[in-house]
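The structure appears below as structure tokens.
Read-outs throughout are calculated quantities, based only on the coordinates presented, and are distinct from any laboratory measurement. These figures come from a predicted structure and were not determined experimentally. As a convention, Cβ positions derive from the backbone with ideal geometry for all residues, glycine included, and neighbour counts pool all protein chains shown.
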Amino acid sequence: MIYADKAVLCKVTMQENSYDILFDGRLMASIAHTEDWTWIQASGVILPETIIDEIGFEIENKYK
């Protein structure tokens, strides 16, 4: 994934009510679903909405 003009390894770890997002092993943020099933950032470093949407899309595809 490209973040801040650099290629980073993105890993997602499922938590009880959210997903932790790690870039190159560093915890960056947590994302979660809203009531209308869109993705929001719950905590962490503010990530661009496009990054949150891309990660959410990949999570959804993995569990379909």
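Taking 7 Å steps out from each Cα toward its Cβ at residue 36 and residue 9 produces label points 3.8 nm apart. Restricting the GluC sites (Glu not before Pro) of region 7-64 to loop positions (DSSP other than H, G, I, E, B) with no more than 12 neighbouring Cβ atoms within 10 Å leaves 16, 35. Taking every C-alpha pair closer than 8 Å and separated by at least 6 residues, the mean separation divided by the residue count of the chain gives a relative contact order of 18 percent.
Against the chain, whose longest principal axis comes from its Cα atoms, helix 49-62 is set at around 60 degrees. About its Cα centre, the dipole of the chain is roughly 280 debye, where the only charges are +1 on Lys and Arg Cβ and -1 on Asp and Glu Cβ.
The residue list 8, 61, 21 was ranked by how far each Cα lies along the charge dipole of the chain toward its positive end, using unit charges on Cβ atoms, and 8 comes out on top.
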